[in-house]
Amino acid sequence: MLGSTGSIGTNALDVLSRLSDRFHVVGLAARSRRDTLFAQAEQFRPEWVALVGESADRSGLLPGVEFLSQSDAVARRVQARDVDIVVSAIVGAAGLRCTWAALEAGKTVALANKETLVVAGPLVMELAAARGGRLLPVDSEHSAIFQAIADRPAGVERVVLTGSGGPFRGRTAADLAHVTVDEALAHPTWRMGPKITVDSATLMNKALEVIEARWLFGLSPKQIDVIIHPESMIHSFVEFVDGSVLAQISPPDMRLPIQYALTYPERLPCPARRVNWHELTAFHFEAPDRATFPALDLGYEVASRGGTTGAVLNAANEMAVEAFLENRLPFPEIARVCRAVLDAHDFDPRPTLDGLLAADHWARQEVRRWTSLNPSRL
Ligand code: NAD
Ligand code: MG
């Protein structure tokens, strides 16, 4: 379980706590919330626990549980014989390394970390195919599509990703100039980690999901649409060549797509909230406001250009979101920085993994330069 102390990680462990007759947690990895991590170790009795990038102090950890503090060690452990499924729920491009290691060893990966596919989609899909590994989507939209396609991708004409529109749906560009971090973190329908919550407010999350869908399902960007659906009950649509449209519907609760990835192809009772048919009144839809939320178009651009653009967009966005969260960058600058860094980058249409990591590194430097040249106007 990679990213065990985060929003997806804790939801995934909640699911697993009810399926203890089927699953044993082999290892838990996180970078923060030591107390939570060590409490998880008490509850799930894994063989190892990793707290990377923090002090190697293991006091308070259950005796007999091995303690790791390096990502390298985690990458080796996910390849072990007794690991069948790796839940990839680290946030950001930091999740790529261990996801890659798991696929190298032919593991099944329950993938929440969409950044892995944004940065290196073609290489990751090639690796999974070559080593017999499998990527099962956890992201709710991609799980919805996966459930609707039911392993028969022939005959898909298009997919329509739904998005809540985030906390700033209906605002104008002028309104967005002065929004605060707290406002951006107040998501109307989902409780998630801070990075993806800000991505939902800029619509960058939907942009990343367009790219994720492109590689995961082998679709062209023209086959991927986005529609705003504020209730977050319909998690996406699949339209087939005969005009039939299938949707997956459930209240916004990540435990359902997490469990589906873990138990696929089986369906089992799940703790996720259920549709309340007596309270259900209407589903609403509207077109995304691409002028006010320009991040979405960046997703389409990257989905069609490929190459190094995904690594660059993702890294620039991670850095810009971090700066916004630290009150060093106004909200509208997030998409603006990403646009500028994409434009300035040295495009390589067929990069290697090292080339992608170099592009990621370069883009982070560029944003550092940008934020120091353009000090916060907040
Ligand atoms: P989060 O910030 O709540 O949790 C991230 C977890 O990763 C934490 O446990 C953190 O300690 C750990 N982590 C960070 N860097 C690490 C590193 N280098 N090594 C090991 N552990 C590290 O984030 P989240 O909301 O749970 O999101 C996780 C991923 O799932 C993201 O890629 C996000 O886009 C995706 N996702 C999340 C949701 C959601 O509902 N939260 C929905 C769809 C997709
Ligand atoms: Mg999603």
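The values are calculated or read from the model by the stated rules, or taken from the named source; none is laboratory data. As the structure is a computational prediction, the values presented were derived from the model and not from experiment. Because the Cβ atoms are built from the backbone with ideal geometry, glycine has one as well, and the counts that use them run over all protein chains shown. Keep in mind that these areas ignore ligands, DNA and RNA; they rest on the heavy atoms of the full protein, side chains included. Shrake-Rupley method; radii C 1.70, N 1.55, O 1.52, S 1.80 Å.
Would you check which residues across region 311-322 are closer than 22 Å to Gly163 by Cα and either under 14 Å from the mean Cα position of the chain (by Cα) or open to solvent by 20 Å² or more (accessible area, probe 1.4 Å) (or both) and list them?
The answer is Asn314, Asn317, Glu318.
Could you list, in sequence order, the residues of region 115-143 that are open to solvent by 10 Å² or more (accessible area, probe 1.4 Å), within 14 Å of ligand 1 (Cβ to nearest atom) and under 16 Å from Leu356 (Cβ atoms)?
Correct list: Glu115 only.
Mind listing whichever residues of region 194-240 are crowded, with 17+ Cβ neighbours inside 10 Å and of a type in the set (Gly, Ala, Ser)?
Those that are crowded, with 17+ Cβ neighbours inside 10 Å and of a type in the set (Gly, Ala, Ser): Ser200, Ala201, Ala207, Ala213, Ser232, Ser236.
Kindly provide the set of residues from region 22-74 that are in contact (Cβ under 8 Å) with a residue 40 or more places away in the chain and farther than 20 Å from Thr99 by Cβ, ordered by number.
Matches in region 22-74: Arg22 only.
Closer than 30 Å to Leu127 by Cβ, part of a helix (DSSP H, G or I) and out of contact with any Cys (no Cβ under 6 Å at 6 or more places or on another chain): does that describe Gly307?
Criteria not met by Gly307.
With (1) under 20 Å from Ser220 (Cβ atoms); (2) surrounded by fewer than 16 Cβ atoms within 10 Å (Cβ to Cβ) as the list, and Asp175 as the residue in question, which single condition is left unmet?
(1)
Could we say that Thr36 is at pLDDT 95 or above, among the polar types (S, T, N, Q), within 16 Å of ligand 2 (Cβ to nearest atom) and open to solvent by less than 60 Å² (accessible area, probe 1.4 Å) here?
Judged against the criteria, Thr36 is not a match.
Cβ-Cβ below 6 Å, separation at least six or inter-chain, first residue in region 198-211 and closer than 16 Å to Pro332 by Cβ, second near ligand 2 (Cβ under 9 Å from one of its atoms): which pairs?
These pairs meet every condition: Asp199/Asn205.
Answer with yes or no whether Arg152 is within 16 Å of ligand 1 (Cβ to nearest atom) and modelled with pLDDT under 95.
Answer is no for this residue.
Every residue, every condition in (1) over 18 Å from the mean Cα position of the chain (by Cα); (2) β-branched (Val, Ile, Thr); (3) closer than 26 Å to Glu239 by Cα, yes or no:
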position: Thr99; (1), (2), (3): no, yes, no
position: Lys114; (1), (2), (3): no, no, yes
position: Leu123; (1), (2), (3): no, no, no
position: Gly132; (1), (2), (3): yes, no, no
position: His142; (1), (2), (3): no, no, yes
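With (1) more than 12 Å from the chain's Cα centre (by Cα); (2) more than 16 Å from ligand 2 (Cβ to nearest atom) as the list, and Val119 as the residue in question, which single condition is left unmet?
So the condition that Val119 fails would be (1).
Helices (runs of 4 or more DSSP H) wholly in region 1-92 with at least 3 residues that are closer than 22 Å to Glu104 by Cα - which ones?
Because the criterion is at least 3 residues that are closer than 22 Å to Glu104 by Cα, the helices (runs of 4 or more DSSP H) in region 1-92 that meet it are 71-77.
Across region 39-52, what is the number of residues that are surrounded by fewer than 17 Cβ atoms within 10 Å (Cβ to Cβ) and touching a Ser or Thr at 6+ places or on another chain (Cβ under 9 Å)?
Residues in region 39-52 being surrounded by fewer than 17 Cβ atoms within 10 Å (Cβ to Cβ) and touching a Ser or Thr at 6+ places or on another chain (Cβ under 9 Å): 1 in total.
A quick yes/no check of all residues on (1) open to solvent by less than 50 Å² (accessible area, probe 1.4 Å); (2) near ligand 1 (Cβ under 10 Å from one of its atoms); (3) over 18 Å from Thr36 (Cα atoms); (4) of a type in the set (Gly, Ala, Ser):
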position: Asp57; (1), (2), (3), (4): no, no, no, no
position: Pro63; (1), (2), (3), (4): no, no, no, no
position: Arg76; (1), (2), (3), (4): no, no, yes, no
position: Asp82; (1), (2), (3), (4): no, no, yes, no
position: Ile85; (1), (2), (3), (4): no, no, yes, no
position: Ala89; (1), (2), (3), (4): yes, yes, no, yes
position: Ala93; (1), (2), (3), (4): yes, yes, yes, yes
position: Arg97; (1), (2), (3), (4): no, yes, yes, no
position: Leu103; (1), (2), (3), (4): yes, no, yes, no
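For Ala261, which of the numbered conditions (1) assigned to a loop (DSSP other than H, G, I, E, B); (2) within 30 Å of Ser17 (Cβ to Cβ); (3) in contact (Cβ under 8 Å) with a residue 40 or more places away in the chain fails to hold?
Among (1) assigned to a loop (DSSP other than H, G, I, E, B); (2) within 30 Å of Ser17 (Cβ to Cβ); (3) in contact (Cβ under 8 Å) with a residue 40 or more places away in the chain, Ala261 violates only (1).
A quick yes/no check of all residues on (1) part of a helix (DSSP H, G or I); (2) open to solvent by less than 80 Å² (accessible area, probe 1.4 Å); (3) β-branched (Val, Ile, Thr):
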position	(1), (2), (3)
Arg267	no, no, no
Trp277	no, no, no
Ala282	no, yes, no
Arg336	yes, no, no
Asp343	yes, no, no
Asp346	no, no, no
Pro351	no, yes, no
Thr371	yes, yes, yes
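Can you say whether His187 is within 16 Å of ligand 1 (Cβ to nearest atom), open to solvent by less than 30 Å² (accessible area, probe 1.4 Å) and either touching a strand residue (DSSP E or B) at 6+ places or on another chain (Cβ under 6 Å) or of a type in the set (Gly, Ala, Ser) (or both), as far as the supplied structure shows?
Spelling it out, it is not the case that His187 is within 16 Å of ligand 1 (Cβ to nearest atom), open to solvent by less than 30 Å² (accessible area, probe 1.4 Å) and either touching a strand residue (DSSP E or B) at 6+ places or on another chain (Cβ under 6 Å) or of a type in the set (Gly, Ala, Ser) (or both).
So which residues in region 144-154 are open to solvent by 40 Å² or more (accessible area, probe 1.4 Å) and in contact with a helix residue (DSSP H, G or I) (Cβ under 8 Å, 6 or more places away or on another chain), if there are any at all?
Pro153
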